[in-house]
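Q: One structure is given below, represented as C-alpha coordinates, and several questions about it will come after.
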Amino acid sequence: MIDEKDKKFLKQAYTNISAYSCMKKNKDGTYPILDKAWLLNNSYSVLTPQGHVLLYQNKLIHMRTSGSTGCYMDIYWKPEDYKKSMLALWWYRYHYYGILPQDKMCYFFTMESNVEKQEEEIFKGKEFGFSKTNLTKERIFNIYEKMQEFQPKWLLLQPSIALLLCECIDYYNLETLESVNYIELSGEMLTNEVRNVISRHFHCAIANQYGANEFNSIAYECPYGKLHIMKNNVIVESEKLSDGREELIITTKTNTAMSLIRYRIGDYGRVIHHNQKLCRCKNSSPVLELTLGRSNDYIFCENGEKINAYVLIRAMDCVNDYMDSIVKQFQIVQKDYKIFDVKVVLEGKCNKQTLMKLFCGAIQEKYLKEAKYQFRFYDRLLPEERTGKLACFICELKC
(Lines give C-alpha, C1' and ligand atoms only; values in the text may rest on other atoms or scores of the structure.)
Protein backbone atom coordinates (compact mmCIF):
# COMPACT_ATOMS: atom_id res chain seq x y z
CA MET A 1 0.00 0.00 0.00
CA ILE A 2 1.35 3.42 -1.00
CA ASP A 3 0.26 6.49 0.97
CA GLU A 4 -0.28 10.00 -0.40
CA LYS A 5 3.20 11.20 0.57
CA ASP A 6 4.79 8.30 -1.30
CA LYS A 7 2.55 8.95 -4.32
CA LYS A 8 3.78 12.55 -4.42
CA PHE A 9 7.41 11.33 -4.26
CA LEU A 10 6.79 8.92 -7.15
CA LYS A 11 5.13 11.62 -9.24
CA GLN A 12 8.11 13.95 -8.81
CA ALA A 13 10.53 11.21 -9.82
CA TYR A 14 8.54 10.35 -12.93
CA THR A 15 8.40 14.03 -13.88
CA ASN A 16 12.06 14.98 -13.31
CA ILE A 17 13.99 11.88 -14.47
CA SER A 18 14.32 11.38 -18.21
CA ALA A 19 14.19 7.57 -18.13
CA TYR A 20 10.85 7.67 -16.31
CA SER A 21 9.19 10.70 -17.88
CA CYS A 22 8.59 8.88 -21.16
CA MET A 23 7.03 5.83 -19.47
CA LYS A 24 3.29 5.38 -19.52
CA LYS A 25 1.33 4.21 -16.52
CA ASN A 26 -0.13 0.71 -16.51
CA LYS A 27 -3.86 0.23 -16.99
CA ASP A 28 -4.32 -0.10 -13.23
CA GLY A 29 -2.67 3.30 -12.69
CA THR A 30 0.65 1.93 -11.39
CA TYR A 31 4.03 2.83 -12.83
CA PRO A 32 6.02 0.30 -14.91
CA ILE A 33 8.42 -2.06 -13.17
CA LEU A 34 12.14 -1.45 -13.67
CA ASP A 35 14.07 -4.58 -14.65
CA LYS A 36 17.70 -5.10 -13.62
CA ALA A 37 18.60 -6.25 -17.15
CA TRP A 38 17.48 -2.86 -18.54
CA LEU A 39 19.10 -0.92 -15.71
CA LEU A 40 22.50 -2.58 -16.27
CA ASN A 41 22.70 -0.75 -19.59
CA ASN A 42 20.93 2.45 -18.52
CA SER A 43 22.08 3.24 -14.97
CA TYR A 44 23.01 6.85 -15.81
CA SER A 45 19.52 7.52 -17.14
CA VAL A 46 17.96 7.16 -13.68
CA LEU A 47 20.18 9.87 -12.21
CA THR A 48 18.22 12.94 -11.21
CA PRO A 49 19.17 16.31 -12.79
CA GLN A 50 20.98 17.20 -9.57
CA GLY A 51 22.62 13.77 -9.60
CA HIS A 52 24.09 14.41 -13.05
CA VAL A 53 25.56 17.72 -11.87
CA LEU A 54 27.05 16.21 -8.70
CA LEU A 55 28.46 13.27 -10.65
CA TYR A 56 30.22 15.69 -13.01
CA GLN A 57 31.58 17.53 -9.95
CA ASN A 58 32.76 14.23 -8.46
CA LYS A 59 30.65 14.81 -5.34
CA LEU A 60 28.76 11.50 -5.27
CA ILE A 61 29.60 8.28 -3.47
CA HIS A 62 30.22 5.62 -6.11
CA MET A 63 29.39 2.03 -5.26
CA ARG A 64 28.79 -1.18 -7.17
CA THR A 65 26.31 -3.89 -6.40
CA SER A 66 28.16 -6.74 -4.69
CA GLY A 67 28.21 -9.12 -7.65
CA SER A 68 26.76 -11.88 -5.47
CA THR A 69 24.12 -12.52 -8.11
CA GLY A 70 26.62 -12.46 -10.95
CA CYS A 71 25.79 -8.92 -12.13
CA TYR A 72 27.50 -5.62 -11.39
CA MET A 73 25.76 -2.26 -11.46
CA ASP A 74 27.01 1.24 -10.64
CA ILE A 75 25.19 2.95 -7.77
CA TYR A 76 25.54 6.63 -6.81
CA TRP A 77 24.59 8.35 -3.54
CA LYS A 78 24.80 11.87 -2.18
CA PRO A 79 26.81 11.54 1.08
CA GLU A 80 23.99 13.04 3.15
CA ASP A 81 21.42 10.67 1.58
CA TYR A 82 23.62 7.67 2.31
CA LYS A 83 23.82 8.62 6.00
CA LYS A 84 20.08 9.27 6.10
CA SER A 85 19.36 5.80 4.65
CA MET A 86 21.23 4.24 7.59
CA LEU A 87 19.51 6.20 10.38
CA ALA A 88 16.54 3.87 10.81
CA LEU A 89 18.76 0.78 10.93
CA TRP A 90 20.93 2.31 13.64
CA TRP A 91 17.86 3.40 15.60
CA TYR A 92 16.43 -0.13 15.58
CA ARG A 93 19.81 -1.70 16.40
CA TYR A 94 19.80 0.36 19.57
CA HIS A 95 16.07 0.12 20.30
CA TYR A 96 15.94 -3.68 19.94
CA TYR A 97 19.44 -4.83 20.89
CA GLY A 98 21.27 -1.93 22.59
CA ILE A 99 23.87 -1.54 19.82
CA LEU A 100 25.43 1.91 19.27
CA PRO A 101 27.75 3.17 16.46
CA GLN A 102 30.61 3.48 18.95
CA ASP A 103 30.42 -0.18 20.00
CA LYS A 104 33.28 -2.43 18.90
CA MET A 105 32.38 -4.72 16.01
CA CYS A 106 33.96 -7.26 13.62
CA TYR A 107 32.96 -7.94 10.03
CA PHE A 108 34.16 -9.68 6.86
CA PHE A 109 34.66 -7.89 3.54
CA THR A 110 35.28 -8.72 -0.11
CA MET A 111 36.92 -6.00 -2.18
CA GLU A 112 37.19 -2.43 -0.92
CA SER A 113 36.57 0.22 -3.59
CA ASN A 114 39.51 2.12 -5.08
CA VAL A 115 42.13 0.12 -3.16
CA GLU A 116 45.12 -0.92 -5.27
CA LYS A 117 46.44 -3.47 -2.80
CA GLN A 118 43.85 -5.57 -1.03
CA GLU A 119 44.54 -5.92 2.70
CA GLU A 120 43.67 -9.04 4.66
CA GLU A 121 42.59 -6.90 7.61
CA ILE A 122 41.18 -3.42 8.04
CA PHE A 123 41.35 -1.84 11.49
CA LYS A 124 39.45 1.41 12.07
CA GLY A 125 39.24 2.17 15.76
CA LYS A 126 36.03 0.46 16.84
CA GLU A 127 35.79 -1.69 13.67
CA PHE A 128 37.92 -4.71 12.78
CA GLY A 129 37.37 -6.17 9.31
CA PHE A 130 38.72 -9.42 7.85
CA SER A 131 39.03 -10.32 4.18
CA LYS A 132 37.01 -13.29 2.93
CA THR A 133 40.10 -14.44 1.06
CA ASN A 134 41.83 -17.69 2.05
CA LEU A 135 39.38 -18.74 4.76
CA THR A 136 41.09 -22.02 5.64
CA LYS A 137 40.71 -23.62 9.07
CA GLU A 138 44.07 -22.14 10.09
CA ARG A 139 43.16 -18.60 9.00
CA ILE A 140 39.72 -18.75 10.61
CA PHE A 141 41.47 -19.86 13.82
CA ASN A 142 43.85 -16.87 13.61
CA ILE A 143 40.91 -14.52 12.97
CA TYR A 144 39.03 -15.95 15.95
CA GLU A 145 42.06 -15.41 18.18
CA LYS A 146 42.21 -11.77 17.06
CA MET A 147 38.49 -11.40 17.76
CA GLN A 148 39.05 -12.75 21.29
CA GLU A 149 41.79 -10.18 21.82
CA PHE A 150 39.72 -7.34 20.29
CA GLN A 151 36.60 -8.20 22.36
CA PRO A 152 33.88 -6.92 19.97
CA LYS A 153 30.39 -6.26 21.26
CA TRP A 154 28.79 -7.37 17.97
CA LEU A 155 29.48 -9.12 14.66
CA LEU A 156 28.20 -8.32 11.15
CA LEU A 157 28.36 -11.54 9.09
CA GLN A 158 27.00 -13.50 6.17
CA PRO A 159 25.43 -16.78 7.34
CA SER A 160 28.05 -18.85 5.46
CA ILE A 161 30.88 -16.97 7.23
CA ALA A 162 29.17 -17.43 10.59
CA LEU A 163 29.02 -21.18 9.93
CA LEU A 164 32.77 -21.25 9.24
CA LEU A 165 33.35 -19.60 12.64
CA CYS A 166 31.13 -22.23 14.27
CA GLU A 167 33.07 -25.04 12.56
CA CYS A 168 36.32 -23.48 13.81
CA ILE A 169 35.01 -23.36 17.39
CA ASP A 170 34.14 -27.08 17.20
CA TYR A 171 37.34 -28.16 15.45
CA TYR A 172 39.70 -26.41 17.86
CA ASN A 173 37.40 -26.70 20.91
CA LEU A 174 37.48 -22.93 21.44
CA GLU A 175 35.72 -20.87 24.07
CA THR A 176 32.73 -18.73 23.06
CA LEU A 177 33.33 -15.02 22.48
CA GLU A 178 31.76 -13.81 25.73
CA SER A 179 32.05 -10.14 24.71
CA VAL A 180 29.61 -10.61 21.78
CA ASN A 181 26.07 -9.58 22.72
CA TYR A 182 24.62 -9.44 19.22
CA ILE A 183 25.15 -10.90 15.72
CA GLU A 184 23.64 -9.35 12.61
CA LEU A 185 23.32 -11.60 9.57
CA SER A 186 22.97 -10.21 6.07
CA GLY A 187 23.77 -10.85 2.39
CA GLU A 188 22.44 -14.41 2.15
CA MET A 189 19.23 -16.32 2.83
CA LEU A 190 19.08 -17.20 6.53
CA THR A 191 17.49 -20.57 7.31
CA ASN A 192 16.30 -21.76 10.70
CA GLU A 193 18.90 -24.54 10.58
CA VAL A 194 21.76 -22.05 10.16
CA ARG A 195 20.32 -19.75 12.84
CA ASN A 196 20.16 -22.64 15.31
CA VAL A 197 23.79 -23.61 14.67
CA ILE A 198 24.95 -20.03 15.23
CA SER A 199 22.79 -19.70 18.36
CA ARG A 200 24.35 -22.83 19.87
CA HIS A 201 27.86 -21.43 19.42
CA PHE A 202 27.22 -17.76 20.25
CA HIS A 203 24.88 -17.30 23.17
CA CYS A 204 23.58 -13.89 22.14
CA ALA A 205 20.83 -12.07 20.25
CA ILE A 206 20.72 -12.77 16.49
CA ALA A 207 18.95 -10.59 13.93
CA ASN A 208 18.49 -10.87 10.19
CA GLN A 209 19.00 -7.72 8.11
CA TYR A 210 17.85 -7.69 4.49
CA GLY A 211 19.41 -5.03 2.31
CA ALA A 212 21.16 -4.17 -0.95
CA ASN A 213 23.68 -1.53 -2.04
CA GLU A 214 20.98 -0.01 -4.21
CA PHE A 215 18.92 0.92 -1.12
CA ASN A 216 20.95 0.04 1.99
CA SER A 217 18.65 -1.49 4.61
CA ILE A 218 15.32 -2.80 3.32
CA ALA A 219 14.04 -4.78 6.32
CA TYR A 220 15.25 -5.62 9.81
CA GLU A 221 14.32 -8.33 12.28
CA CYS A 222 12.82 -7.48 15.66
CA PRO A 223 13.32 -9.63 18.81
CA TYR A 224 10.06 -11.44 18.01
CA GLY A 225 11.31 -12.80 14.70
CA LYS A 226 9.49 -10.40 12.36
CA LEU A 227 11.38 -8.80 9.47
CA HIS A 228 9.99 -5.25 9.47
CA ILE A 229 10.27 -3.11 6.35
CA MET A 230 12.22 0.14 6.74
CA LYS A 231 9.28 2.24 5.63
CA ASN A 232 11.16 5.54 5.96
CA ASN A 233 13.84 4.25 3.60
CA VAL A 234 11.99 2.17 1.00
CA ILE A 235 8.64 1.20 -0.44
CA VAL A 236 8.33 -2.58 -0.85
CA GLU A 237 5.71 -4.21 -3.06
CA SER A 238 5.32 -7.79 -4.24
CA GLU A 239 4.14 -8.91 -7.68
CA LYS A 240 2.45 -12.28 -7.98
CA LEU A 241 3.88 -14.44 -10.78
CA SER A 242 2.11 -17.11 -12.82
CA ASP A 243 3.80 -19.91 -10.82
CA GLY A 244 2.40 -18.53 -7.54
CA ARG A 245 5.60 -16.93 -6.28
CA GLU A 246 5.73 -13.24 -5.38
CA GLU A 247 8.65 -11.13 -6.62
CA LEU A 248 9.81 -8.12 -4.60
CA ILE A 249 9.57 -4.65 -6.16
CA ILE A 250 11.44 -1.92 -4.27
CA THR A 251 11.48 1.88 -4.46
CA THR A 252 14.02 4.15 -2.78
CA LYS A 253 12.80 7.04 -0.62
CA THR A 254 16.18 8.45 0.37
CA ASN A 255 18.48 8.39 -2.69
CA THR A 256 17.80 11.73 -4.40
CA ALA A 257 20.75 11.35 -6.80
CA MET A 258 19.82 7.98 -8.30
CA SER A 259 16.16 7.21 -7.82
CA LEU A 260 15.29 3.56 -8.38
CA ILE A 261 11.53 3.37 -8.72
CA ARG A 262 9.65 0.04 -8.67
CA TYR A 263 12.88 -1.89 -9.14
CA ARG A 264 12.74 -5.67 -9.59
CA ILE A 265 15.55 -6.69 -7.24
CA GLY A 266 15.46 -10.41 -8.06
CA ASP A 267 14.35 -11.76 -4.66
CA TYR A 268 11.07 -13.36 -3.69
CA GLY A 269 8.74 -12.94 -0.76
CA ARG A 270 5.54 -11.31 0.36
CA VAL A 271 4.59 -8.15 2.21
CA ILE A 272 2.24 -8.52 5.18
CA HIS A 273 0.39 -5.36 6.20
CA HIS A 274 -1.01 -4.95 9.72
CA ASN A 275 -4.77 -4.97 10.02
CA GLN A 276 -5.59 -4.57 13.69
CA LYS A 277 -2.96 -6.41 15.73
CA LEU A 278 0.53 -4.91 15.83
CA CYS A 279 3.70 -6.91 16.34
CA ARG A 280 4.63 -7.31 20.00
CA CYS A 281 7.64 -5.03 19.39
CA LYS A 282 5.11 -2.21 18.64
CA ASN A 283 6.64 -1.55 15.20
CA SER A 284 3.83 -0.54 12.84
CA SER A 285 5.84 -1.18 9.66
CA PRO A 286 4.73 -4.01 7.34
CA VAL A 287 6.46 -7.37 7.70
CA LEU A 288 8.49 -8.98 4.92
CA GLU A 289 8.56 -12.76 4.50
CA LEU A 290 11.42 -13.82 2.23
CA THR A 291 11.00 -17.07 0.33
CA LEU A 292 13.91 -17.25 -2.10
CA GLY A 293 16.84 -14.92 -1.70
CA ARG A 294 20.56 -14.73 -2.24
CA SER A 295 22.73 -17.66 -1.20
CA ASN A 296 26.26 -18.86 -1.76
CA ASP A 297 27.84 -22.22 -2.45
CA TYR A 298 31.17 -23.53 -1.27
CA ILE A 299 34.19 -24.66 -3.25
CA PHE A 300 34.95 -28.27 -2.35
CA CYS A 301 38.57 -29.50 -2.07
CA GLU A 302 39.88 -33.03 -2.51
CA ASN A 303 40.91 -33.22 1.15
CA GLY A 304 37.36 -32.50 2.29
CA GLU A 305 37.88 -28.85 3.18
CA LYS A 306 35.54 -26.14 1.93
CA ILE A 307 36.47 -22.68 0.67
CA ASN A 308 33.91 -19.88 0.61
CA ALA A 309 33.04 -18.86 -2.97
CA TYR A 310 33.62 -15.20 -2.09
CA VAL A 311 37.31 -15.71 -2.89
CA LEU A 312 36.39 -16.04 -6.58
CA ILE A 313 34.02 -13.06 -6.39
CA ARG A 314 36.94 -11.08 -5.00
CA ALA A 315 39.13 -12.15 -7.95
CA MET A 316 36.51 -10.83 -10.35
CA ASP A 317 36.32 -7.63 -8.29
CA CYS A 318 40.06 -7.21 -8.86
CA VAL A 319 39.53 -7.53 -12.61
CA ASN A 320 36.85 -4.84 -12.53
CA ASP A 321 38.99 -2.50 -10.42
CA TYR A 322 41.94 -2.76 -12.82
CA MET A 323 39.91 -2.81 -16.06
CA ASP A 324 37.34 -0.09 -15.35
CA SER A 325 34.33 -2.32 -14.59
CA ILE A 326 34.70 -4.31 -17.80
CA VAL A 327 32.88 -7.37 -16.41
CA LYS A 328 29.13 -6.93 -16.66
CA GLN A 329 28.06 -10.45 -15.66
CA PHE A 330 29.83 -13.59 -14.57
CA GLN A 331 29.22 -17.09 -13.32
CA ILE A 332 31.81 -19.58 -12.08
CA VAL A 333 31.03 -23.31 -12.11
CA GLN A 334 33.11 -25.92 -10.28
CA LYS A 335 33.14 -28.88 -12.65
CA ASP A 336 35.69 -30.96 -10.75
CA TYR A 337 37.93 -30.44 -7.73
CA LYS A 338 40.41 -28.37 -9.71
CA ILE A 339 38.45 -27.51 -12.86
CA PHE A 340 36.32 -24.35 -13.05
CA ASP A 341 34.31 -22.85 -15.90
CA VAL A 342 34.40 -19.04 -15.80
CA LYS A 343 31.54 -17.53 -17.81
CA VAL A 344 31.93 -13.82 -18.50
CA VAL A 345 29.89 -11.08 -20.19
CA LEU A 346 31.91 -7.95 -21.01
CA GLU A 347 30.76 -4.32 -21.03
CA GLY A 348 32.97 -3.57 -24.06
CA LYS A 349 36.08 -4.78 -25.82
CA CYS A 350 39.22 -5.67 -23.88
CA ASN A 351 42.31 -7.87 -24.03
CA LYS A 352 40.87 -11.18 -22.86
CA GLN A 353 44.30 -12.62 -22.14
CA THR A 354 44.94 -9.73 -19.74
CA LEU A 355 41.57 -10.30 -18.08
CA MET A 356 42.28 -14.00 -17.54
CA LYS A 357 45.75 -13.27 -16.22
CA LEU A 358 44.39 -10.68 -13.75
CA PHE A 359 41.69 -13.07 -12.52
CA CYS A 360 44.10 -15.95 -11.92
CA GLY A 361 46.70 -13.63 -10.40
CA ALA A 362 44.17 -12.29 -7.87
CA ILE A 363 43.57 -15.76 -6.43
CA GLN A 364 45.78 -16.13 -3.36
CA GLU A 365 44.78 -19.59 -2.12
CA LYS A 366 47.45 -22.16 -3.03
CA TYR A 367 44.86 -24.85 -3.74
CA LEU A 368 42.93 -22.64 -6.15
CA LYS A 369 46.08 -21.26 -7.79
CA GLU A 370 46.80 -24.79 -8.99
CA ALA A 371 43.34 -25.21 -10.49
CA LYS A 372 42.42 -24.96 -14.17
CA TYR A 373 40.13 -22.09 -15.23
CA GLN A 374 38.30 -22.42 -18.54
CA PHE A 375 37.08 -18.97 -19.64
CA ARG A 376 34.03 -18.66 -21.86
CA PHE A 377 32.72 -15.32 -23.12
CA TYR A 378 29.02 -14.70 -23.77
CA ASP A 379 26.75 -11.90 -24.96
CA ARG A 380 24.56 -12.44 -21.90
CA LEU A 381 23.91 -14.90 -19.07
CA LEU A 382 20.34 -15.85 -18.21
CA PRO A 383 19.01 -16.39 -14.67
CA GLU A 384 18.29 -19.89 -13.48
CA GLU A 385 14.64 -20.73 -14.17
CA ARG A 386 13.78 -22.06 -10.70
CA THR A 387 15.04 -19.08 -8.70
CA GLY A 388 14.94 -16.33 -11.31
CA LYS A 389 18.49 -15.38 -10.24
CA LEU A 390 21.91 -15.70 -11.78
CA ALA A 391 24.10 -17.44 -9.22
CA CYS A 392 27.67 -16.20 -9.24
CA PHE A 393 28.99 -19.61 -8.19
CA ILE A 394 27.69 -23.16 -8.74
CA CYS A 395 29.30 -26.35 -7.50
CA GLU A 396 28.43 -29.33 -9.68
CA LEU A 397 30.37 -31.85 -7.57
CA LYS A 398 28.36 -34.54 -5.83
CA CYS A 399 29.77 -34.19 -2.30
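The values are calculated or read from the model by the stated rules, or taken from the named source; none is laboratory data. All values derive from a computational prediction rather than experimental measurement. Here the Cβ positions follow ideal geometry from the backbone for every residue, glycine too, while neighbour counts run over all protein chains shown. For the accessible areas, the whole protein counts, side chains as well, though only heavy atoms, and no ligand, DNA or RNA atoms are used. Shrake-Rupley method; radii C 1.70, N 1.55, O 1.52, S 1.80 Å.
Q: How would you rank 262-274, 312-324, highest first, on the average number of other Cβ atoms within 10 Å across their residues?
A: Listed from highest to lowest mean packing, they are 312-324, 262-274.
Q: Let me ask something else about it. As an exercise, use a Förster radius of 25 Å and the Cβ-Cβ distance of residue 37 and residue 394 to find the FRET efficiency, rounded to the nearest 0.05.
A: E between residue 37 and residue 394, to the nearest 0.05, is 0.80.
Q: Here is a further query. Determine the percent antiparallel among the DSSP beta bridges restricted to the chain, to the nearest 5.
A: 60
Q: If you find the alpha carbon centre of region 294-366 and of region 14-48, how far apart are they in angstrom?
A: If you average the Cα positions of each part, the centres end up 32 Å apart.
Q: Can you figure out the FRET efficiency of residue 15 with residue 173, using R₀ = 56 Å and their beta-carbon distance, to the nearest 0.05?
A: Once the sixth-power term is evaluated, E becomes 0.35.
Q: At 1.4 Å probe size, with every protein chain present, just tell me what the per residue accessible area of region 193-317 comes to in Å².
A: About 40 Å² of surface per residue is accessible.
Q: Using each residue's phi in region 58-65, evaluate 6.51 cos²θ - 1.76 cosθ + 1.60 at θ = phi - 60° and report the 3J(HN,Hα) Karplus result to the nearest Hz, with x for Gly and Pro.
A: Each residue of region 58-65 in turn: 6, 10, 9, 6, 9, 10, 10, 4 Hz.
Q: Stick to the Cα atoms of region 168-236, pair each with every other, and give me the Kirkwood hydrodynamic radius in Å at one decimal.
A: That comes to 13.6 Å for region 168-236.
Q: Given the rule -39500 (n - 2.57) for each run of at least 4 DSSP H residues, summed and divided by the residues of the chain, what is its mean residue ellipticity at 222 nm, to the nearest 500 deg cm²/dmol?
A: Mean residue ellipticity at 222 nm (helix-derived): -8500 deg cm²/dmol.
Q: So, one more: Calculated from the structure, Cα extents along the principal axes in Å equals which of [x] 65, 59, 40; [y] 67, 40, 37; [z] 59, 54, 46?
A: Correct label is [z].
Q: Any aspartates and glutamates with Cα under 12 Å of the residue 8 Cα? List them, leaving off those in the same chain fewer than 8 positions away.
A: Correct list for residue 8: empty, as no aspartates and glutamates qualify.
Q: I've got another one for you. Taking all protein chains as present, what is the carbon and sulfur share of the accessible area of region 1-91, in % to the nearest whole number, probe 1.4 Å?
A: In region 1-91, the share of accessible area belonging to carbon and sulfur is 56 percent.
Q: Modelling each spin label as a point 7 Å along the Cα-to-Cβ direction, I'd like the residue 151/residue 26 distance in nm, to one decimal.
A: Result for the modelled spin labels: 5.5 nm.
Q: Could you sort out which of 335/357; 7/104; 7/153; 24/352; 153/328; 59/372 sit more than 32 Å apart by Cα distance in this structure?
A: Beyond 32 Å between Cα atoms: 7/104; 7/153; 24/352; 153/328; 59/372.
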